[in-house]
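Undergrad: Got a structure for you, questions after.
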Amino acid sequence: MKSSSFHDLQLYCDFRRGQGGRIVNIHLLDTHLTNQISAGEVVERPASVVKELIENSLDAGSSKVGLEILQGGMELIRIRDNGNGIHPDDLALALHPHATSKIADLSDLEKVSSLGFRGEALASIASIARVKLSSCYKEQTQGQQISAAGGEMSPTSPCAHPRGTTVEVRDLFYNTPARRKFLKSVKTEFSHIETILQRLSLSRFDVAFELIHNDKTIFSSPIAQTSETQQRRLSSILGNDFIHHALAIEFIAAGMKLWGWIAEPAFNRNQNDLQFFYVNGRFVRDKLLNHAVRQAYEDVMFNGRYPIYVLYLEIDPRAVDVNVHPTKHELRFRDSRTVHDFIEKGISDALAQIKPEVMISAPPVEYESIAFDISAIPTQKAMPLVVKEQMEVYNKLHETVPAPLVMEKIPDIEPQLGYALGQIQDIYILAQNKQGLIIVDMHAAHERILYEKLKHEIETQQIAVQTLLVPYIIELNRTEMCAWEENHAQFQLLGIQSDVSGPNSIAIRSLPKLIANAKLDTLIQDILADIIEMGSSQKMQNKVHEILGNVACRAALKAHTRLSIMQMNALLRDMENTPHSGLCNHGRPTWKLISMPELDKMFLRGR
């Protein structure tokens, strides 16, 4: 075998020589070539240059960053800031590879708090473009400048420059025409630059940003320190509708802080282009974080839809490694499971607040429970209200009220969903409150109420387990087997009793009754895949919730079901005390308010 392999190598070498190839010894690459190779990782397109240079400006303590580009950045990229500037003695050194002021030793690398720290950006850019660097250090009165192109640098010289730094990048990829051919149209490259600037502007509300393309101002946002100005910046990037449907979130626990804005589940998109997540001020697209957000929205959003959010995670820099990818978009957390659960809980708690809430505590009023016998309710068509029924409800509400209080007006005691008026086609409940008219989809509302009650029962009581007469054997690969061994106790908590049946197989001996008909091979392997990738899994909980959702959907009130006024009011009160009651568990809204101004406008009142 060895002789055959050596013979194959000889044939390959002969073939290379015949094709004009040459066999050379190992040698070191020159500095200019290594910079160009590094540029392949750092600089993919003009937007990559913009990202690296603006991050340097933010690290320099700038409060204003201006970006001017020509022809989508292919002809010119000029970035000017009012930061601390670069010391004259360091100006030439800034263009050398792996030269940085942000990392001094290994301990600094373990707690990176700056956006840029590798020190290869400027050197890489200078190897594939014509770069001019001008800066005035914070303690100097005169600026200095230096130019670089093709690996050659000019000597530094004085120049007139205010405090801060200006970087000009011209003729990107001028000396690597093959790379330049991969660039898209001017419009496409500009859109990438605009996206980068939007991401960076959302990361720092204390910095003013401006974007000029071909001498036309495209984006200009002043410093946004107040809630009003922050919302203005958000609306300029995510649209006005986001502000109208956004919920402010702030959650602190386990030494971490999560804050920002999340959109109501009903306000979603069919793509994930409006998802902004920042960790210690750095924009990231991390699988663990995205998975946590997705889990939080799972109960209240249609499948295949994406939530909209701008979220900021503040965490000890020592607990996160940002040095796992050249673009620094991916992270590695020291305790990924804790981070995942923290984010999911913070968002879930915020989403749970999307429900009708009583504005001012009202005196308790007795209504009959909504847990009535549905089969006993007549389904024939009838007038929504009858005089006899109205009188019965009126007597029921006032029979225990003392006479002196009957005439007394009690202000502002009305619950937010008000009181029922009747039904439309025995499908929708009509109610009124001080704001206007409320329309409730009684099936969707009752479905959410039942679903949350079933979930609560499952979470507070022991899971009903079914023992299998014959153990179910599942074959696993070595990685899955290791994950099962490390998380065996977690499976037991979920109601899955299992043990080893072979070198790479397990035997399932019991499982929750709710998933007795599930395809076990796929379910177990999906759970283990999540554990391997995320450190935890919600697959079992998701499967249980899916079944509970189906149960709730089948048991909920059906269309064309007549309800009494008391039953309608009982449903409204249950909604006010149920988490996520604004949406059914499929993501459909359960109720809508038509305000009095909207009604007046509809009927042209006041004109």
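Undergrad: Report, by residue number, each residue of the stretch 565-607 that is over 23 Å from L247 (Cβ atoms) and in a loop (DSSP other than H, G, I, E, B).
TA: Passing the criteria: F603, L604, R605, G606, R607.
Undergrad: Which of the residues that make up the stretch 248-282 are among the basic types (K, R) and closer than 17 Å to Q198 by Cα?
TA: Hit for the stretch 248-282 is R282, nothing else.
Undergrad: Can I ask one more? Just to verify a result, which residue in the stretch 232-244, among those that are of a type outside the set (D, E) and surrounded by fewer than 17 Cβ atoms within 10 Å (Cβ to Cβ), is nearest to V339 (Cα to Cα)?
TA: I243
Undergrad: Quick check on the stretch 127-142: of everything there that is surrounded by fewer than 23 Cβ atoms within 10 Å (Cβ to Cβ) and assigned to a loop (DSSP other than H, G, I, E, B), which residue is modelled with the lowest pLDDT?
TA: E139
Undergrad: On the given criteria, is A148 over 30 Å from I237 (Cα atoms) and part of a helix (DSSP H, G or I)?
TA: no
Undergrad: Moving on to the next point. Which of the residues spanning the stretch 161-195 are among the aromatic types (F, W, Y) and in a helix (DSSP H, G or I)?
TA: Correct list: F190 only.
Undergrad: A further question on this structure: Can you spot a residue in the stretch 52-69 that is modelled with pLDDT of 75 or more, in contact with a His (Cβ under 7 Å, 6 or more places away or on another chain) and surrounded by 14 or more Cβ atoms within 10 Å (Cβ to Cβ)?
TA: Yes, the conditions are met somewhere in the stretch 52-69.
Undergrad: Here is a further query. Here are some residues: D574, D521, D530. Which one is among the acidic types (D, E), modelled with pLDDT under 85 and surrounded by 15 or more Cβ atoms within 10 Å (Cβ to Cβ)?
TA: D530
Undergrad: While we're looking at this one, here's another question. Quick one: how many residues across the stretch 455-501 are among the hydrophobic types (A, V, I, L, M, F, W, C), in a strand (DSSP E or B) and at pLDDT 85 or above?
TA: The qualifying residues number 6.
Undergrad: Continuing with this model, one more query. Keeping to the stretch 474-504, report how many residues are among the acidic types (D, E) and surrounded by 15 or more Cβ atoms within 10 Å (Cβ to Cβ).
TA: The total comes to 1.
Undergrad: Among the residues of the stretch 96-126, which ones are at pLDDT 85 or above and of a type in the set (G, A, S)?
TA: Listed by number, the list holds a single entry, A126.
Undergrad: Let me ask you something else. If you check D299, D215, D286, which single one turns out to be among the charged types (D, E, K, R), under 14 Å from the mean Cα position of the chain (by Cα) and not assigned by TED's automatic domain parsing to the domain that holds E55?
TA: Matching residue, one of D299, D215, D286: D286.
Undergrad: Please indicate, with yes or no, whether at least one residue in the stretch 354-371 is at pLDDT 50 or above, of a type outside the set (G, A, S), surrounded by fewer than 13 Cβ atoms within 10 Å (Cβ to Cβ) and out of contact with any helix residue (DSSP H, G or I) (no Cβ under 9 Å at 6 or more places or on another chain).
TA: No, the stretch 354-371 contains no residue that is at pLDDT 50 or above, of a type outside the set (G, A, S), surrounded by fewer than 13 Cβ atoms within 10 Å (Cβ to Cβ) and out of contact with any helix residue (DSSP H, G or I) (no Cβ under 9 Å at 6 or more places or on another chain).
One line per residue, one yes/no per condition, for (1) surrounded by fewer than 17 Cβ atoms within 10 Å (Cβ to Cβ); (2) out of contact with any strand residue (DSSP E or B) (no Cβ under 9 Å at 6 or more places or on another chain); (3) of a type in the set (S, T, N, Q):
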{"position": "A123", "(1), (2), (3)": "no, no, no"}
{"position": "S147", "(1), (2), (3)": "no, no, yes"}
{"position": "S157", "(1), (2), (3)": "yes, no, yes"}
{"position": "A160", "(1), (2), (3)": "yes, no, no"}
{"position": "T165", "(1), (2), (3)": "no, no, yes"}
{"position": "V169", "(1), (2), (3)": "no, no, no"}
{"position": "L172", "(1), (2), (3)": "no, no, no"}
{"position": "R180", "(1), (2), (3)": "yes, yes, no"}
{"position": "L183", "(1), (2), (3)": "no, yes, no"}
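Undergrad: Looking at R305, is it of a type in the set (D, E, K, R), more than 22 Å from L200 (Cβ to Cβ) and without any contact (Cβ under 8 Å) to a residue 40 or more places away in the chain?
TA: Working: of a type in the set (D, E, K, R): yes; more than 22 Å from L200 (Cβ to Cβ): yes; without any contact (Cβ under 8 Å) to a residue 40 or more places away in the chain: no.
For R305, the condition - of a type in the set (D, E, K, R), more than 22 Å from L200 (Cβ to Cβ) and without any contact (Cβ under 8 Å) to a residue 40 or more places away in the chain - is not met.
Undergrad: Within the stretch 564-607, count every residue that is touching a helix residue (DSSP H, G or I) at 6+ places or on another chain (Cβ under 7 Å) and touching a residue at least 60 places away in the same chain (Cβ under 8 Å). Reasoning before the result, please.
TA: Start the filter on the stretch 564-607 by keeping residues that are touching a helix residue (DSSP H, G or I) at 6+ places or on another chain (Cβ under 7 Å), which leaves 564-566, 571, 574-575, 578-581, 583-585, 587-588, 590-591, 606.
Subset that is touching a residue at least 60 places away in the same chain (Cβ under 8 Å): 564-566, 571, 574-575, 578-581, 583-585, 587-588, 590-591.
The qualifying residues number 17.
The values are calculated or read from the model by the stated rules, or taken from the named source; none is laboratory data. Remember, it's a predicted structure, so these values are computed and weren't measured experimentally. Ideal geometry is used to build each Cβ from the backbone, glycine not excepted, and the neighbour counts take in all protein chains shown.
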